[in-house]
Amino acid sequence: MRERTGVKTLVNNDRKIRGAVLASGNGSNAENIVSFCQKHAETIEIPVIICDQPKAGIISKAEKLGVPCSVIPVMRVDNDTALSARAIQEKKVLDVLSSYNIDWIFLAGYMRIISVDFLSRFADQVLKINRVVNIHPSLLPAFPGKDSYQRAYDAKVKESGVTLHFVDAGVDTGSIIAQKKFTRIPDESFEDFKARGLALEYEVYREFLEQLSKGRINAAGN
Ligand code: GRF
């Protein structure tokens, strides 16, 4: 079992925290994050959302929330390698982040692996973490990767949950900030199982943002 973070550390909060949300899909977590920050606008703000999927639900949600959404897909051209197409996309994302002076990244169903170079731009030498946070729909280290609710449901787990963690170079391997569990109800549908997990995702992200906006963070630097 991975070491759990647990040390309350003061974030330098001389200025308002400026976060960006990165999302690829429906965007319910992104909406939750932005709504929270809009209610706490004196300490934390989300000036931009970035999406890599041109048809994602988050794009219309961002419009309703009044937050600019930069849509930056991976564009493969002839003679291009998949690797360079991904690097070009990431460079464009970094340019947008830097134009908005972003210092925290909140991943919310962003279905891309973040490169080491990208992470290094958000490395916090004091906290010894990358200022990149992700929500994962399982009790890590169980069910890392894709379709985690489905895999946990199919495995008939008695208990599942969600994990908020800092992002490192691995897939869902970064140090854990917080986890929340739910017990599986016998015979419940997959949709109900997932809906209960999603409600916990929103809760755990809001609790983290509340602490962060007060200058506190769980970061043991493991
Ligand atoms: C969430 O379950 C998240 O944990 C996972 O993808 C889903 C995204 O949902 N990585 P939404 O787009 O936030 O509604």
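The values are calculated or read from the model by the stated rules, or taken from the named source; none is laboratory data. Everything numeric in this text was worked out from a predicted model, so none of it was measured. For neighbour counting, all protein chains shown are included, and Cβ atoms are generated from backbone atoms with ideal geometry for every residue, glycine included. The area values use the complete protein model at the heavy-atom level, side chains included, leaving out ligands, DNA and RNA. Shrake-Rupley method; radii C 1.70, N 1.55, O 1.52, S 1.80 Å.
Observations
- For the stretch 146-188, diffusion coefficient by Stokes-Einstein and Kirkwood Rh (Cα), 4 °C, 1.567 mPa s, µm²/s: 111
- With the helix formula -39500 (n - 2.57) applied to DSSP H stretches of n ≥ 4, the chain reaches a computed 222 nm mean residue ellipticity of -10500 deg cm²/dmol.
- Largest GNM mean-square fluctuation among Asp117, Asp168, Asp52, using the chain with Cα springs under 10 Å: Asp117.
- Quick note on the chain: its Rg to Rh ratio, both from C-alpha atoms and Rh being the Kirkwood radius, is 0.96.
- Loop-located GluC sites (Glu not before Pro) in the stretch 14-47, at most 14 other Cβ atoms within 10 Å (DSSP): Glu42
- The stretch 13-121: Rg to Rh, with Rh as the Kirkwood radius over Cα pairs: 0.98
- Largest-first ellipsoid semi-axes for the stretch 81-157, taking √(5λ) over the Cα gyration tensor eigenvalues, angstrom: 28, 17, 11
- Over the chain, accessible surface divided per residue gives 50 Å², non-protein components excluded, 1.4 Å probe.
- Highest-MSF residue in the chain out of Asn32, Asn134, Asn101 [GNM, Cα springs under 10 Å]: Asn101
- Mean projected area of the convex hull spanned by the Cα atoms of the stretch 157-222, taken over all viewing directions: 5.3 nm².
- Within the listed set Pro68, Pro186, Pro54, the residue fluctuating most in the Gaussian network model of the chain (springs between alpha-carbon atoms under 10 angstrom) is Pro186.
- Helix runs (DSSP H) in the chain reaching 20 Å along axis by Cα, Kyte-Doolittle at least -0.5: 82-99, 190-213
- Once the Cβ-Cβ distance of Lys64 and Ala199 is raised to the sixth power relative to R0 = 22 Å, the FRET efficiency obtained is 0.60.
- With θ taken as phi - 60° and the Karplus curve 6.51 cos²θ - 1.76 cosθ + 1.60 applied, the whole-hertz 3J(HN,Hα) list for the stretch 163-180 is 9, 9, 9, 6, 9, 10, 6, x, 8, 6, 10, x, 5, 7, 8, 7, 10, 10 Hz, x standing for glycine and proline.
- Surface composition of the stretch 147-220: carbon and sulfur atoms hold 49% of the protein heavy-atom accessible area at a 1.4 Å probe.
- Equivalent ellipsoid semi-axes - Cα gyration tensor, the stretch 75-115, angstrom: 22, 13, 7
- Dimensions (Å) - the stretch 113-183, Cα atoms, principal axes, largest first: 40, 20, 12
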